[in-house]
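The values are calculated or read from the model by the stated rules, or taken from the named source; none is laboratory data. These numbers come from a predicted model, not from an experiment. Here Cβ is always computed from backbone atoms with ideal geometry, including for glycine, and neighbour counts include all displayed protein chains.
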Amino acid sequence: MDRPSAESAYRRILELREEIARHDHRYYVLDDPTITDAEYDRLMQELRQLEEAYPQFHDDTSPTQRVGGAVAEGFSEVVHAIPMLSLDNAFSGEELEAFDARVRRATGADVVEYVVEPKIDGLGISLTYVNGRLSVGATRGDGTVGENITANLRTVRAIPLRLREGAPPQLDVRGEVYMAKEDFVRLNQARAEAGEPVFANPRNAAAGSLRQLDPSVTAKRRLAAFFYYVPLPEQVEASTHWDALEALRALGFPVNPLIKRCMGIREAIEAARQLEERRPSLPYEIDGMVVKVNRLDLQARLGFTSRSPRWAVALKYPAQQGVTRIIDIVVQVGRTGVLTPTAQFEPVQVGGVTVSRASLHNIDYIRAKDIRIGDRVVIQRAGDVIPEVVRVIAEERDGTEREFVMPSVCPACNSEVVRPEGEAATRCVNFACPARLREGLVHFASRDAMNIDGLGPSMVERLVDAGLVRDVADIYYLTAEQLTTLERVGPRSAANLVAAIEASKSNPVYRLIFALGIRHVGENMAKLLAKEFLSIDRLAAAERDELLAVPTVGPAIADSVVEFFRNRQNLDALARLRQAGVRMADEPPVIGAVRAHESRFAGKTFVFTGALSKFKRSEAEAIVEELGGKASSSVSRNTDYVVAGADAGSKLARARELGVAVLTEAEFLDMLEQVGYHLPDGGE
């Protein structure tokens, strides 16, 4: 292929930057992606290659520049043009009514319109855009002077690097960077497995992520953001706070969709009550609501105190905490051998949920909080999700409390345990440890790994106890006859499990890499390694330096991959997996008598809409791609088939408008049957 001219390359670079920015906005701001991850990756790869070939077109606002690599020596100071003030707090409806009375008295208004916003528990930030481009991003600091964390904020994909058309010459905007509850749980689990200190809560995790001196570390953390304030509203020509928020939306900023306008304080109080009811189900942590006067002329009349605006107040929700006693501290063994102390409580209600246990992570955590068996403790659900010990009520000790001692041998197999230098975790080093085996098998069969339906914790427990499974390879040699010897397993359940095991053999290689439970290798890293090495054999043969040459692979990951494939037990299990027919390389799989590239699916674009009964939409899309087709999330003239499940909506209408072939779920299943692809039957 001929090298494009500089002029045509520049045009294509601009097109790609605009297209990728549009997809980033749909994914990270609107939560409504229109292309698959694979399509997005291809666009990013094309842009990266063009920018490398034509360095004269470098631009700091390009999507390729989000992940920085330079490590800063420290953060410089940023003086806020408009101070980032604190908010006064209210703790009840009565206190909100008193706030409203002060506002009405000072403004002479009979009824005041308010804007009510969820108070995200994250890290406050201030951004400055010049000519539509992100110029400076800073922390709140002391309200007057913050830290310059621009390089780190560039890695947060919800933050626009370049604003949409119509941006003012300069724009100052305030927002909150946060970590979703689910991502917080995932991060802490990974840190605990790696023997690293865990974060106390999502806010602590977000703040710690943004204040990394190396932006590439920040980039690996899943951070999001909402924006809620324009300190100089004349920059967006707004007359109300609501108008300013709408202007931010139009420029490409994520603005919380739960924000409401309320006429009068009664409506505001009701909005706060409704949101508090939704609080446990929200994907992010909030600790209250902020009530703001909507009209900017009234805000100006009300003014500020030395520390807070008189036109806004934060209604703080009650902390979801409880007090209980630690009955015992027991040790659980995870799939990588980490020994995790777990507190067992006298059951207590916290935020509507009965809590009876909580992870204490490691011995350093226990020592730092001076937690003892028998202590009365304050507990809370971190992020409204994970129970944690907040503090010990030391003044209530009576002398019967006992210090916890980490065992010197594994409680599951009595093997030696070790604590590697520089790590917080204590580990069992026995690969044959039954506790490690059980946890490893559950992970291997989980939905995001090999996705073996029916092989959950209960079934794994029975298989291990019966001696039918001693490593992951044994799964693929199970027979229906063996399974029916287990308690509560009938012929149909046994046949379904065998079919599910058989179907998992054709999974893409990244699923197997993730399923193997290699330390530090999560799902995304498994995809990266599969894409780079294509086969298990090539990955197993990779040297440390070869692994380190892969983007985002650091020394800890490289060392753990090398260590895993040097272990004789692991290599024996892989050999038996290969012998059983488990896919070991990313090549077109044989499905029935038809190869993927020869099937009816090859080169065809499918769009799924509505509710499917046999599988999730993501699973259907994975099947299509495995059979040589392409899965898309939007209907166009290039779409070959739209598969319509129950309650299909606008995509079905669009397909009919364009004359695209529409299949029912049953017709799609018939197509799968015709190429020899059979879904396992449902369980008993």
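Pairs are defined by a Cβ separation below 9 Å, a sequence spacing of at least 6 or placement on different chains, a first member in the range 271-292 that is at positive phi and surrounded by 21 or more Cβ atoms within 10 Å (Cβ to Cβ), and a second member that is of a type in the set (Ser, Thr, Tyr) and not in a strand (DSSP E or B); the pairs so defined are GLY288/TYR317. In the range 276-301, of all residues being over 18 Å from GLU95 (Cα atoms) and hydrophobic (A, V, I, L, M, F, W, C), the one that is nearest to the chain's Cα centre (by Cα) corresponds to LEU282.
Would you confirm whether any residue within the range 153-161 is surrounded by fewer than 22 Cβ atoms within 10 Å (Cβ to Cβ) and over 30 Å from GLY517 (Cα atoms)? There is at least one residue in the range 153-161 that is surrounded by fewer than 22 Cβ atoms within 10 Å (Cβ to Cβ) and over 30 Å from GLY517 (Cα atoms). Listed by first and then second residue, the pairs linking a residue in the range 120-149 that is outside the structural domain of GLN212 (by TED's automatic domain parsing) and part of a strand (DSSP E or B) to a residue that is of a type in the set (Val, Ile, Thr) and buried (at least 20 other Cβ atoms within 10 Å of the Cβ), with Cβ atoms under 7 Å apart and 6 or more places separating them unless they lie on different chains, form an empty list.
Given the criteria surrounded by fewer than 16 Cβ atoms within 10 Å (Cβ to Cβ), part of a loop (DSSP other than H, G, I, E, B) and small (Gly, Ala, Ser), does SER86 qualify? Taking the combined requirement at face value, the residue satisfies it. What do you reckon, is ALA449 farther than 19 Å from SER493 by Cβ, within 29 Å of the chain's Cα centre (by Cα), aliphatic (A, V, I, L, M) and not assigned by TED's automatic domain parsing to the domain that holds ASN570? Against the criterion (farther than 19 Å from SER493 by Cβ, within 29 Å of the chain's Cα centre (by Cα), aliphatic (A, V, I, L, M) and not assigned by TED's automatic domain parsing to the domain that holds ASN570), ALA449 does not qualify. Looking at LEU528, LEU571, which is the one that is assigned to a helix (DSSP H, G or I), over 29 Å from the mean Cα position of the chain (by Cα) and not β-branched (Val, Ile, Thr)? Only one candidate passes the filter, namely LEU571. For the range 209-218, the criterion of being free of Cβ contacts under 8 Å to residues at least 40 places away in the same chain and farther than 25 Å from GLY252 by Cα is met by at least one residue. Restricting ARG203, ARG191, ARG221 to those that are at pLDDT below 85, closer than 18 Å to TYR365 by Cα and either surrounded by fewer than 20 Cβ atoms within 10 Å (Cβ to Cβ) or not aliphatic (A, V, I, L, M) (or both) reduces the list to ARG191.
Residue-wise test of (1) at pLDDT 80 or above; (2) under 24 Å from ASN131 (Cβ atoms); (3) in the same structural domain as VAL635 (by TED's automatic domain parsing); (4) in a helix (DSSP H, G or I).
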| site | (1), (2), (3), (4) |
| --- | --- |
| LEU14 | yes, yes, no, yes |
| GLU18 | yes, yes, no, yes |
| ARG26 | no, no, no, yes |
| ASP31 | no, no, no, no |
| THR34 | no, no, no, no |
| TYR40 | no, no, no, yes |
| GLN45 | no, no, no, yes |
| ARG48 | yes, no, no, yes |
| GLN56 | yes, yes, no, yes |
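Residues that are closer than 24 Å to ASN362 by Cβ, touching a residue at least 24 places away in the same chain (Cβ under 8 Å) and of a type in the set (Gly, Ala, Ser) do not occur anywhere in the range 448-467.
On the basis of being out of contact with any helix residue (DSSP H, G or I) (no Cβ under 6 Å at 6 or more places or on another chain), within 24 Å of VAL313 (Cα to Cα), part of a loop (DSSP other than H, G, I, E, B) and hydrophobic (A, V, I, L, M, F, W, C), does PHE253 make the cut? Yes. Among the residues of this structure, SER209 counts as one that is small (Gly, Ala, Ser), closer than 29 Å to GLY337 by Cβ and in the same structural domain as MET289 (by TED's automatic domain parsing). ILE366 fulfils the conditions (1) under 28 Å from the mean Cα position of the chain (by Cα); (2) modelled with pLDDT of 90 or more; (3) in a strand (DSSP E or B) except for a single criterion, (3). Restricting attention to the range 582-617 and to residues that are surrounded by fewer than 18 Cβ atoms within 10 Å (Cβ to Cβ) and small (Gly, Ala, Ser), the residue that is modelled with the highest pLDDT turns out to be ALA585. Only residues that are over 29 Å from PRO457 (Cα atoms) and either part of a loop (DSSP other than H, G, I, E, B) or assigned by TED's automatic domain parsing to the domain that holds VAL198 (or both): list them for the range 396-422, please. Answer for the range 396-422, where residues must be over 29 Å from PRO457 (Cα atoms) and either part of a loop (DSSP other than H, G, I, E, B) or assigned by TED's automatic domain parsing to the domain that holds VAL198 (or both): ARG397, ASP398, GLY399, THR400, GLU401, PRO420, GLU421, GLY422. For the range 264-276, the count of residues that are in the same structural domain as TYR114 (by TED's automatic domain parsing) and within 30 Å of ARG376 (Cβ to Cβ) is at least one. Screening THR336 with (1) in contact with a strand residue (DSSP E or B) (Cβ under 6 Å, 6 or more places away or on another chain); (2) closer than 24 Å to PRO457 by Cα; (3) of a type in the set (Val, Ile, Thr) gives one miss only, at (1).
Annotation note: of GLU395, GLU346, GLU388, GLU421, the sole residue that is touching a strand residue (DSSP E or B) at 6+ places or on another chain (Cβ under 6 Å), farther than 29 Å from ASP465 by Cβ and loosely packed, with under 14 Cβ neighbours inside 10 Å is GLU346.
When the range 162-184 is filtered for residues that are in contact with a Phe, Trp or Tyr (Cβ under 8 Å, 6 or more places away or on another chain), surrounded by 21 or more Cβ atoms within 10 Å (Cβ to Cβ) and in a strand (DSSP E or B), the ones remaining, listed by number, are LEU171, VAL173, GLY175, GLU176, TYR178. GLN189 meets the conditions (1) under 14 Å from the mean Cα position of the chain (by Cα); (2) part of a loop (DSSP other than H, G, I, E, B); (3) of a type in the set (S, T, N, Q) in every case but one. The failed one is (2).
From the list ALA205, ALA238, ALA271, the lone residue that is part of a helix (DSSP H, G or I) and more than 19 Å from the chain's Cα centre (by Cα) is ALA271.
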